[in-house]
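Input: a single structure, listed below in structure tokens.
The values are calculated or read from the model by the stated rules, or taken from the named source; none is laboratory data. On a predicted model such as this, the values are computed, not experimentally measured, just so you know. Every residue, glycine among them, receives a Cβ derived from its backbone with ideal geometry; neighbour counts consider all protein chains shown.
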Amino acid sequence: MDTSVPAVALAHPLVTRPFVDTDLPSALRLWNTQTGWGTLTADDWRRWYRNTPYGDCLILVTVDGRGELAGQIVLVPSLLRFRGTDVKAFRVSSPILARSLREMSIASADHPLRKMFIMGLEHAALGGAAIAYATPWDKWIPVIRSAVKNGAIAARTTSALLPCLALPRENWTHTARSLSAGLIASPIVEFTSEHSALWEKSIETFSIACSAVRTPASLQFRNGEGANIEVREERTGKLVGYASIKRQSGLLTDLIAIDPSRLAPVVGAVAGLCASDAPEISSDAIQVMECTPLRGLRTVEGFAPVDFNFGFFAIALDPSLNAAEIDAAGWYINPGD
């Protein structure tokens with residue numbers, strides 16, 4: 001990774017700069033002792049952050065006076081289909097700050113998260129990215145707003161809260177029976193061009209302005225560890241939808257239907273397979289982040305809002321774009337995007 005951009009000295013003795021390979025042992029210590037997200041190994045780290053379908057991740061770190069990492073933010077390279085054109089983008093991910101620094105006011109210009117975030121956006125823009133985006137915990141939205149409020153980029157930032165819908169386990173079988181007649185769901189053995197072609201059709205029929213591009217490689221990268229299910233017409237074998245679900249939380253990280261009329265039936269078929277325990281979903285509910293194209297699920301019997309909101313933000317790094325053009329209402333966005 002290019003480290004030619006000067007490091008930003010902070011008031012403490014903290015320095016914000018791009019990650020270098022010799023930071024890896026410290027990065028693992030930071031994750032494993034300061035996050036509560038489980039254990040991360042060097043192999044995990046390389047699999048997640050190196051050699052993604054669109055290149056290596058852009059990682060910004062905060063280094064303390066001992067040379068240990070005290071913070072990080074990861075920008076994962078992405079490709080968006082934006083108003084019919086594929087544009088380079090980055091998804092902001094995995095913000096970490098050492099517990100000893102969490103009492104600092106985010107309003108401070110020297111706050112490490114602000115420094116890492118702004119430096120990451122600068123690197124992304126220099127690398128030709130048009131948009132940066134994320135679906136963070138909703139409490140991060142004020143942090144993002146505060147980080148960009150004093151710069152020109154503030155006018156090119158949009159954010160929203162996206163509700164969470166849940167289909168409890170006790171409703172899975174009923175929902176499948178009432179919605180999915182003529183459809184059959186089965187585990188996905190391998191993502192192919194058939195699945196990416198389904199996404200291409202979907203963005204047309206749902207009139208989606210912005211969506212992460214799906215290719216066989218990107219689908220395997222983003223969904224490879226989930227329970228992946230495809231839905232076909234039983235009579236013809238035609239693929240009409242697919243889903244990827246986190247086994248422990250039941251969160252749908254990817255959901256595609258061929259057109260709006262098939263959205264609820266596809267989810268019903270997926271729920272039916274989950275009820276059979278074939279995908280080994282341990283959660284008590286299937287959960288969906290309600291972006292605009294998925295709002296039809298709110299009226300499906302058995303689905304109900306839960307007391308949780310996902311956050312969403314997007315920043316136009318291309319100065320020719322404005323906030324209205326990248327507003328959340330035009331996005332098809334999932335937690336896995």
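State whether one or more residues within the range 128-145 are part of a strand (DSSP E or B) and at pLDDT below 90. Looking through the range 128-145, at least one residue is part of a strand (DSSP E or B) and at pLDDT below 90. Regarding the range 303-322, can at least one residue be identified that is assigned to a helix (DSSP H, G or I), out of contact with any Ser or Thr (no Cβ under 8 Å at 6 or more places or on another chain) and either crowded, with 18+ Cβ neighbours inside 10 Å or aromatic (Phe, Trp, Tyr) (or both)? No, the range 303-322 contains no residue that is assigned to a helix (DSSP H, G or I), out of contact with any Ser or Thr (no Cβ under 8 Å at 6 or more places or on another chain) and either crowded, with 18+ Cβ neighbours inside 10 Å or aromatic (Phe, Trp, Tyr) (or both). Six or more apart or on different chains, Cβ atoms under 9 Å: show the pairs whose first residue is in the range 184-213 and free of Cβ contacts under 8 Å to residues at least 12 places away in the same chain and over 28 Å from ALA329 (Cα atoms) and whose second is in a strand (DSSP E or B) and polar (S, T, N, Q). Pairs that qualify, where the first residue is free of Cβ contacts under 8 Å to residues at least 12 places away in the same chain and over 28 Å from ALA329 (Cα atoms) and the partner is in a strand (DSSP E or B) and polar (S, T, N, Q), are VAL189/ASN228. Within the set ALA227, ALA257, the sole residue that is farther than 24 Å from PHE206 by Cα, crowded, with 19+ Cβ neighbours inside 10 Å and free of Cβ contacts under 8 Å to residues at least 60 places away in the same chain turns out to be ALA227.
Scanning the range 57-71 for residues that are modelled with pLDDT of 95 or more and either more than 15 Å from PRO112 (Cα to Cα) or within 17 Å of the chain's Cα centre (by Cα) (or both) yields a count of 3.
Among residues of the range 146-163 being at pLDDT 90 or above and either more than 17 Å from ARG91 (Cβ to Cβ) or touching a His at 6+ places or on another chain (Cβ under 7 Å) (or both), the one that is surrounded by the most Cβ atoms within 10 Å (Cβ to Cβ) is PRO163. Does the range 198-218 contain at least one residue that is assigned to a helix (DSSP H, G or I), among the β-branched types (Val, Ile, Thr) and in contact with a helix residue (DSSP H, G or I) (Cβ under 6 Å, 6 or more places away or on another chain)? Scanning the range 198-218 turns up no residue that is assigned to a helix (DSSP H, G or I), among the β-branched types (Val, Ile, Thr) and in contact with a helix residue (DSSP H, G or I) (Cβ under 6 Å, 6 or more places away or on another chain).
Determine which member of the set ALA285, ALA304 is closer than 29 Å to VAL76 by Cα and in contact (Cβ under 8 Å) with a residue 24 or more places away in the chain. Within the list ALA285, ALA304, the selection yields ALA285. Within the range 80-94, if we keep just the residues that are of a type outside the set (Ser, Thr, Tyr) and farther than 13 Å from ALA134 by Cα, the residue that is surrounded by the fewest Cβ atoms within 10 Å (Cβ to Cβ) turns out to be GLY84.
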